[in-house]
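These notes are about the structure you will find just below.
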Amino acid sequence: MLQSTTPSTRLLIVDDDPGIRDLISGFLANHGYQVDTAGDPQEMRAKLAQGRYALIVLDVMMPGEDGLSALKALQKSNGPPVIMLSAADTDIDRIVGLEIGAEDYLAKPCNPRELLARIRTVLRRGSAPVAAVSPETPPGASDKAHTVHFAGWRLDLIARVLCDPDDTEVALSDGEFRLLRAFVQRPRRVLTREQLLDCVAGSARDSFDRAIDVQVSRLRRKLTSGRERMELIRTVRSEGYMFVPPVTQGHAS
């Protein structure tokens, strides 16, 4: 029996090995997903031009353009979340993939059930309800609470849109958004890695445990793209991180 899955949940498997494509796509289709496949990044882009996908499973090692180059292009175009697959399972490969913007990373050959679990986790993170800016915000508070301002930046917590001081939109991956949301909810407080893991990963702690510093580094770089290059995220040695600027709700003062 197929497990319940939103009909519009479409996945794209990108791998140059037809056997792997057939194995993964067949398994995921049996669990209720609509699955398309592509043999290389060029075919992937052709598929993306034809319709929207909830998530891409992308192989790293492919002839010609590799998966990491394809991932960089996807990040620039604000593409769907990506889970990387690679036969090279080293910390360096994993960190590079996460730094570029992958939501998760699995070594090949992988157990299709583990891949399914990772896919469900990433999709749950993307569809999770957005929390109020402060735990103390009462029910029925004004919609202005959905927008926060800090150091000239603006973050819409509902639309997940971040704009720099020049009002230019800055693309965020799902993990980067969740991390920034955790910071703006708790400004000027030291947050340990454990606390950030609770905010960002939830039940998917294993996949984030060694990557929280990478996520912070990626977010920090994006928060220097504006006019003013002030320190927004401070490293507190042996403790964690602190979001430095004051955060206001609603219209900027």
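Neighbour counts of other Cβ atoms within 10 Å put Ser77, Ser238, Ser86 in the fewest-to-most order Ser238, Ser77, Ser86. Using the Cβ-Cβ distance between Met230 and Ser69 with R0 = 35 Å, the FRET efficiency computed as 1/(1 + (r/R0)^6) comes to roughly 0.60.
Taking a ≥ b ≥ c as the square roots of the eigenvalues of the Cα gyration tensor, segment 10-127 is classed as rounded, since a/c falls below 1.5.
For the residue pairs Lys47/Lys72; Lys76/Lys108; Lys47/Lys108; Lys47/Lys222, alpha carbon separations beyond 21 Å are given by Lys76/Lys108; Lys47/Lys108; Lys47/Lys222.
Read-outs: derived from the displayed coordinates by stated rules, not from any lab. Computed from a predicted structure; not experimentally measured. Every residue, glycine as well, gets a Cβ built from its backbone with ideal geometry; the counts of neighbours run over all protein chains shown.
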